[in-house]
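Since the structure comes first, as C-alpha cells, the remarks are kept for the end.
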Amino acid sequence: MNARAFTVAIETLDAKAAEAAIPALAEILCDSVANGASVGFMNWNTAADYERFWRDVAAGVAGGQVILLAARNEDGIVGTAQLHLIGKPNQPHRAEIAKVLVHSRARRQGIGEALMQRAEAIAREKGRDLLVLDTDEYSAARRLYNRLGWTEAGTIPRYALMPDGADCGSTFFYKSLA
C-alpha cells in the first residue's frame with residue numbers, strides 16, 4: 001500500500017468530461033488487462049482499442065444509457081465504474097454495474113468500495129432497485145461484492161477468456177436496493 005494518504009473524490013462524468021478523460025480511462029483499462037483482469041480485452045489489444053472502447057462509453061453517457069463514475073485523487077483519475085440503465089420496457093427497475101476498475105497503483109485504498117457505493121446511490125436516485133453485475137470467478141472483486149451485501153447467483157464456466165487466453169468463468173451477482 002502507498003505510504004501517502006490520498007483523498008479520493010468520486011465524480012459523475014458528463015459526455016464532455018468522459019471524452020476528456022479517455023486517455024486516463026484507457027490507461028486504467030490497459031493496467032487492468034496487464035495485471036490479468038478479465039474485462040473484455042486480451043493481452044494483444046492496443047491503446048487504440050482501449051480508447052475506442054471509452055469513446056463508445058462516452059457516447060452511451062451522451063445518450064443517457066450509461067452513468068460513468070471516475071475516482072480522482074492527487075494523481076488524477078485512478079478508478080472508474082459504470083452504471084448501465086436498462087431501457088427495456090419490462091425492466092425499468094434494473095441497472096447493471098460494469099467495468100469497476102482501479103489502477104494497480106491505487107488499489108487497497110477503498111476506491112472500489114467508494115465507486116460501488118456511489119453507483120448504488122445513483123441507481124436509487126434513478127429509481128433502480130435491482131442491480132446486477134458479473135466478474136471473473138477468481139477475482140478479488142468477489143470479496144468486495146460479498147462484503148457489500150451482493151448475492152452470488154452462480155458461476156458460468158468458460159464464460160470468457162483471461163487476457164492470456166485461458167478459460168475464465170464468470171460469477172454473477174445481484175443486489176436488491178428495495
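Figures for the structure shown
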| read-out | value |
| --- | --- |
| Residues within the range 160-178 that are charged (D, E, K, R) and either surrounded by fewer than 17 Cβ atoms within 10 Å (Cβ to Cβ) or farther than 28 Å from ARG94 by Cα (or both), tallied | 2 |
| Extreme residue, farthest from the chain's Cα centre (by Cα), among residues of the range 54-84 that are among the polar types (S, T, N, Q) and either in a loop (DSSP other than H, G, I, E, B) or closer than 23 Å to LYS175 by Cβ (or both) | GLN65 |
| Meets criteria (in contact (Cβ under 8 Å) with a residue 60 or more places away in the chain and open to solvent by 20 Å² or more (accessible area, probe 1.4 Å)) for VAL33 | no |
| Pairs with Cβ under 8 Å, 6+ apart, first in the range 38-53 and part of a helix (DSSP H, G or I), second of a type in the set (Gly, Ala, Ser) and open to solvent by 30 Å² or more (accessible area, probe 1.4 Å) | PHE53/GLY40 |
| Qualifying positions in the range 85-95 - modelled with pLDDT of 95 or more, under 17 Å from the mean Cα position of the chain (by Cα) and surrounded by fewer than 19 Cβ atoms within 10 Å (Cβ to Cβ) | ARG94 |
| Any chance THR80 is open to solvent by 50 Å² or more (accessible area, probe 1.4 Å), over 18 Å from PRO163 (Cα atoms), of a type in the set (Val, Ile, Thr) and touching a residue at least 24 places away in the same chain (Cβ under 8 Å) | no |
| Count - residues of the range 122-138 that are among the aliphatic types (A, V, I, L, M) and assigned to a strand (DSSP E or B) | 4 |
| Hits in the range 118-154 (condition: open to solvent by 60 Å² or more (accessible area, probe 1.4 Å) and in contact (Cβ under 8 Å) with a residue 60 or more places away in the chain) | ARG118 |
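The values are calculated or read from the model by the stated rules, or taken from the named source; none is laboratory data. Keep in mind the model is a prediction, meaning the values are calculated, not measured. Quick reminder, even Gly has a Cβ in these numbers, built from the backbone with ideal geometry, and neighbours come from all protein chains shown. What goes into the accessible areas is simple: the full protein's heavy atoms, side chains included, and nothing from ligands, DNA or RNA. Shrake-Rupley method; radii C 1.70, N 1.55, O 1.52, S 1.80 Å.
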